[in-house]
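Have a look at the structure below before the remarks.
The values are calculated or read from the model by the stated rules, or taken from the named source; none is laboratory data. Not measured: the values here are computed from a predicted model. No Cβ is skipped: glycine too gets one built from the backbone with ideal geometry, and neighbour counts run over all protein chains shown.
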Amino acid sequence: MIPPFDAEAWYLPQGLHAATLDEIEQRFVVAAPFADRRRIVFDAFRLWHGVVSTIVPAARFWVDGGFITHKPWAAPSDVDVTVMLRPDDLNNLSDDEQQRLDPMFTRIGPPRQQPMSGLVDAFVCLRGDVDRTLYWREHWSTVIDGNRAQLSGTQKGFVEVKS
């Protein structure tokens, strides 16, 4: 369940919060500012999530970015996702599945290429890789203000969706 925002905050309280796609849609599309733009981003995310989940059913999706806030100054341009995969899930993919999965993730470039025409910004993290897991947990906990500056001493939450 997605917790309420703290008083005066436009972001989730610190921590990893379990959520369903329907809960994300209700909280961050229907009940959020810039709902029209959020609908476009969310619909792309839902389709993308479905494709990745079909290929790797045990995937866990850490969802974050401006999409998982109610920031009042701008609509989100995309949804940021880290897909937590077990090494065996990747190693057991067929060649065809690997080829279908590869374009579902962001290529840093140059040029940078994001799936779903840039509406999803997605990365892979292997479950069990402590350093990369800590990196993504810290990265998704960072609060960025309307001037693109990090709010020091402040951390926010993000959500996890299971396939």
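Could you look through region 103-142, keep only residues that are hydrophobic (A, V, I, L, M, F, W, C) and farther than 25 Å from ASP43 by Cα, and pick out the one that is surrounded by the fewest Cβ atoms within 10 Å (Cβ to Cβ)? Explain how you work it out, then say what you get.
Start the filter on region 103-142 by keeping residues that are hydrophobic (A, V, I, L, M, F, W, C), which leaves 104-105, 108, 116, 119-120, 122-126, 130, 134, 136, 140.
Pick out the ones that are also farther than 25 Å from ASP43 by Cα and you get 126, 130, 134.
Values: LEU126: 14, VAL130: 7, LEU134: 10.
Result: VAL130.
Which of the residues spanning region 51-64 are out of contact with any helix residue (DSSP H, G or I) (no Cβ under 8 Å at 6 or more places or on another chain) and not hydroxyl-bearing (Ser, Thr, Tyr)? Please lay out each step first, then the result.
Within region 51-64, the first condition is being out of contact with any helix residue (DSSP H, G or I) (no Cβ under 8 Å at 6 or more places or on another chain), and the residues that meet it are 53-54, 57, 60.
PRO57, ARG60, listed by residue number.
Give the residue that is nearest to LYS162 (Cα to Cα), with candidates limited to residues of region 1-56 that are in a strand (DSSP E or B) and not aromatic (Phe, Trp, Tyr). First the steps, then the outcome.
Step one: filter region 1-56 for residues in a strand (DSSP E or B), giving 11, 15-18.
Pick out the ones that are also not aromatic (Phe, Trp, Tyr) and you get 15-18.
On the way: GLY15: 16, LEU16: 13, HIS17: 11, ALA18: 8 Å.
Once the filter is applied, the top-ranked residue is ALA18.
Can you find, within region 67-89, the residue that is modelled with the lowest pLDDT among those that are polar (S, T, N, Q) and within 15 Å of TRP140 (Cα to Cα)? First the steps, then the outcome.
Taking region 67-89 and keeping what is polar (S, T, N, Q), we get 69, 77, 82.
Now drop any that are not within 15 Å of TRP140 (Cα to Cα), which leaves 69, 82.
On the way: THR69: 95, THR82: 98.
So, considering only residues that are polar (S, T, N, Q) and within 15 Å of TRP140 (Cα to Cα), the one modelled with the lowest pLDDT is THR69.
Inspect region 66-82 for any residue being over 29 Å from ASP6 (Cβ atoms) and not basic (Lys, Arg) and give the result as yes or no.
Step one: of region 66-82, the residues over 29 Å from ASP6 (Cβ atoms) are none.
No, because not a single residue in region 66-82 is over 29 Å from ASP6 (Cβ atoms) and not basic (Lys, Arg).
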